Number of protein chains: 2
Amino acid sequence: MGKNEQFKQYFLSHRIVTNELIGKISTEHVDYQPTPTSMPARTLAHHMLKSFYQFTSAAAQQQPKELFENEEEISLNELAEVYTKESEKLIKSMSDEDFSATIDLTEMIGTKLPAEQVLNLAMDHEIHHKGNLFVYVREMGHTNLPMFVKQG
Amino acid sequence: MGKNEQFKQYFLSHRIVTNELIGKISTEHVDYQPTPTSMPARTLAHHMLKSFYQFTSAAAQQQPKELFENEEEISLNELAEVYTKESEKLIKSMSDEDFSATIDLTEMIGTKLPAEQVLNLAMDHEIHHKGNLFVYVREMGHTNLPMFVKQG
C-alpha cells in the first residue's frame, strides 16, 4: 500500500466521525457557543474543514482552490462533503517521494517541515477540534455519539 | 535520533498541554460535568493519564505497574506528574526494533497492531480527550488557554 492510501485511510477514520458530528448540528444550533469566548459551532466546524484542506494543499505543493463562491451561504453538510472530497483528492495525488519533500510553512506556523509531518500536524489539529466538537454536540442534547475514531 | 526519543518529544509536546489544563482544575471543579452524561473533570483527566500509560505498557511489552495504593486520594497534579514520568520511562525503554513488534490488543480493542501503531492510537486518544478538556476548562471560567500543542 502506498503512503497516500495509508494516510487516506487514517484521515477518513477520523473525518467520517467529524462529519457525523457536523450532521448533528441543526440550523438552530449553528451559533451555539459553550462560553462567550468559544468559537461558535459553525465557525469551529468550518475552521476544521478549511484548515485540513489548506495544510494538505501545502503538503501536496498545490495552490488551494476557492471551493465555493460564498461559503457563508453553504450548508455545513455540503461544506463537509466537498472539503472532504477535495482533501482526499490532494492526498491521492501524492507519491511516496512527495511525503519526504520539505514544505515551507513559515507564513502559516513559522517553520519548514517534511510533508509527512505537515499531514500529521493537520490530523492532530482535526482530532483536537473534533474533541471540542464532541462536547458541543453533547451540550446540544445529543447523547448517542460515535467512538472518537472509526477503526477499519 | 532513535524512534523512542522522537516519539517521546511528540508525546511531551501534547502532554505538557494536558498537564497545564489539569493544573487549572481547582478542587471545587473536580466533579464538573458539561452535561449529565459527560465524564466528570477528574474522571476524564484520570482516564487520559491511565489509558496512555496502559497503551504504552502494552506497546513496550511490559506489565503496567500499580502506581498508587489509593488513586482516589491522590491530587490530580500528582497523578499527572507520576503517570507522565512513568509513561516517559516506558517510551525510553523501547528500541527501534520494539516499535515494529506485533502487540496483541485483543482484550483492549479487539485487534493486533504493530507497537508503533499502538503508540499512535494512544496519542490520538490523548489529543481527542485533551480537546474535550479544553472546553471543560473554558467552562470553568479560564480564558487564557495554551495552544493545543507546544511546538519544540
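Annotations for the structure displayed:
- All positions within region A:50-66 that are open to solvent by 20 Å² or more (accessible area, probe 1.4 Å) and closer than 23 Å to A:LYS24 by Cβ: A:LYS50
- Region B:137-152 - residue that is assigned to a helix (DSSP H, G or I) and at the interface with another protein chain (Cβ under 7 Å from one of its Cβ atoms) and, of those, most open to solvent (accessible area, probe 1.4 Å): B:ARG138
- Members of region B:30-39 found to be away from chain A (no Cβ under 14 Å) and of a type outside the set (D, E, K, R), listed by number: B:VAL30
- Hits in region B:1-28 (condition: farther than 15 Å from B:LEU44 by Cβ, among the aliphatic types (A, V, I, L, M) and in a loop (DSSP other than H, G, I, E, B)): B:MET1
- Subset tally (residues that are within 11 Å of chain B (Cβ to nearest Cβ) and either open to solvent by less than 50 Å² (accessible area, probe 1.4 Å) or more than 21 Å from A:THR84 (Cβ to Cβ) (or both)) for region A:106-122: 6
- Listed by position, the helices (runs of 4 or more DSSP H) inside region A:29-134 whose residues that are under 16 Å from the mean Cα position of the chain (by Cα) number at least 3 are A:41-59, A:76-92.
- Residues satisfying the stated conditions in region A:79-105, i.e. open to solvent by 90 Å² or more (accessible area, probe 1.4 Å) and over 21 Å from A:SER13 (Cβ atoms): A:GLU97, A:THR102, A:ASP104
The values are calculated or read from the model by the stated rules, or taken from the named source; none is laboratory data. None of the values given here were measured: they were computed from a predicted structure. Cβ atoms come from the backbone with ideal geometry, glycine included; neighbour counts cover every protein chain shown. Each accessible area value is taken on the protein alone, full model and side chains, heavy atoms only, with ligands, DNA and RNA left out. Shrake-Rupley method; radii C 1.70, N 1.55, O 1.52, S 1.80 Å.
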